[in-house]
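Nothing in this text is a laboratory measurement; each read-out follows from the coordinates by a stated rule. Note that the coordinates shown come from a computational prediction; the quantities given were computed from them, not determined experimentally. Every residue, glycine among them, receives a Cβ derived from its backbone with ideal geometry; neighbour counts consider all protein chains shown.
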Amino acid sequence: MGRAHTQPADPPEGASTKPGPVAFTFIATASAAKLAARVGGRAGRPFEVERTWLDTFDWRLWNQGLALEVDRGPALNSATLRSTGDHRVHWVQRDGEVPVCAEDLPPGPWRRSLAGVLGIRALVPVGSEQVQKTEIVCADGEGKTVATLMWERVGSRPDQGQGRERPAPRPVARVRLIPARGYDRTARELAALLVEHAGLVPETAHPLEQAATHGLRPGQDPGKLRLVLAPGMRADDALRHMLSTLFAVMGANEPWLASAPDTEFLHDYRVALRRSRSVLKQARGILPQEALDEWRPALRDLQVRTNAHRDLDVFLLEFDGYRAAVPQVGEGDLEPLRDLLLRHRRVEHAALVSYLDSEEHRSLLARYRAFLSSRAGQDRPVSDGSTPDETRPVDAVAAGRIRRAHRRLLRSGAAIGDASPAEPLHELRISGKELRYLLELYGSLYDRAVLGGVVRELKALQDNLGEFQDCEIHAQRLHEYASELRATADVPTSSLMAVALVAQVFIDRQAQARAAFAGRFTAFASRHNVRLLDRMLTKGGGPG
């Protein structure tokens, strides 16, 4: 079950997605008092704050031109949402709880807009710095504020991320120019004045780019696969590179699994784990058989430990959809089901956290890391005959494996008729997922536009097969939960009936997905798509 994964929406109206042509951040050598005198501004009293930058782990705010900074200190506690280009303030929340999700933001249009940006992801710390700040108010001849200069002496806290301690850099003075509403032109003139007459040096980087912690880089999703393979690369080197890259994605997400700010950390961890298993499944003849015999079952067992947890995450993520699907039930009739799901999830979460903190798991990670790096800087051992493809060019090997997976998918799908049972469709979904992973893992070898078209058609088939299987699992589990609730004396009959109605919704949806399968598979298996894949592999990856 993995259908509750969302992507960020369009940028909220008013967000600046690109920095303007005029700099709004500067490096200063002058003190706040001297700077205020040079621009004819009024400097406030300096004060110390500990600043934490918040964003989702995949940088959904940053990618929409926004940055959320939380300042805490003796004289100030505030959360401020700004544009990354000109530091313009969109809203300020003072002396309140630090927001974690969109619902924690102040009521109004920005909360509604950001709910679409954040989706199901939580806000987590992505950067930190110690700041001594002084506000310099700049006014026009009528005494109206046209801009604020934020003079900040900055020192980043040591970064403990990724197992490496980064020493804090030497503090610098940074000045941020924040235009008042309606005074953009004046602010631009002031920006030129700051450079020409106040001796400030424009800084192109946003402050968060220096303050980012945990090995993070603004805008770069740690959970996204970034894999570049060179044509002609040895096949075994390519596979180890794949596995190492996927292991890094797992490592980026695993530290968050215990606190679980949102469900996507476990989701991305599992995707990297499944992709790793797919690589190992396709590694016969490339990596030593003894290694495959060890790590295929080891990674399978690790994934099994996360299955129930993820299933419950999906149930809870889709719970509001249950209510919408059966509007005829009473207001609180489904609450006993929610309570049951939450209890089960707490149990599964505790079990997963306990395992992740165990010596067994730490040993597994250490041994797997050693396996992945075993050839680094070492002479290659003489092949024992179990790896005839290890020295072949990766593009040739990739083409052969993708073709075989594609033929298997076409052959299995063509054998499914209207009277076929559910099991062949479940098996076809697994075959489709394996082909999808192959295309994604070897994707850098092929034309991106053509690959996108091939993957798009495959994804449409996968969505249909996923809907079919997920609806079946939902209906089955709901009946199981209803039986569990029935054994509880204080659960009313109306709640049991409500759960049964929701289960029927999924049964109906599964039937609809089954009816749509033939058309979806026919579209995927069309002559055009088959030729498209063949031309892509022949041109980019060789005949195989």
>> Using only DSSP helix segments of four residues or longer, with each worth -39500 (n - 2.57), what per-residue ellipticity at 222 nm results for the chain after dividing by its residue count and rounding to 500?
In response: -17000 deg cm²/dmol
>> Just want the answer: with Cβ charges of +1 for Lys and Arg and -1 for Asp and Glu, which residue in M233, G285, L342 is farthest toward the dipole's positive end in the chain?
In response: M233
>> Expected output is a single nm value to one decimal: the length gained when fully extending between V92 and S244, i.e. 0.36 nm times separation in residues minus the C-alpha distance. What is it?
In response: 50.5 nm
>> Could you give the length gained by full extension between I507 and S444, i.e. 0.36 nm per residue of separation minus their alpha carbon distance, to one decimal place?
In response: 18.7 nm
>> Quick check: net charge around M233, other residues with Cβ under 12 Å of its Cβ, Lys/Arg +1 and Asp/Glu -1?
In response: -1
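Considering only the other residues whose Cβ falls under 13 Å of the Cβ of L537, what net charge follows from Lys and Arg at +1 and Asp and Glu at -1?
Net local charge, L537 excluded: +4.
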> If you rank M250, M150 by fewest surrounding Cβ atoms within 10 Å, what's the result?
Replying inline: M150, M250
>> Give me R411, R274 sorted ascending by neighbouring Cβ count inside 10 Å, so fewest comes first.
In response: R411, R274
> Along the positive direction of the dipole of region 351-484 (beta-carbon charges: Lys, Arg +1; Asp, Glu -1; about the Cα centre), which of Y437, Y481, A415 reaches farthest?
Replying inline: Y437
> What is the dipole size for the chain, taken about its Cα centre, with +1 at each Lys and Arg Cβ and -1 at each Asp and Glu Cβ, in debye to the nearest 20?
Replying inline: 1660 debye
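What net charge is computed for the residues neighbouring A28, neighbours being all others with C-beta under 11 Å from the C-beta of A28, Lys and Arg scored +1, Asp and Glu -1?
Neighbourhood net charge equals +3.
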>> If the reach is capped at under 20 angstrom between alpha carbons, list the aspartates and glutamates near K433, excluding any in the same chain fewer than eight residues apart.
In response: E264, D268, D301, D311, E423, E457, D463, E467, D470, E472, D534
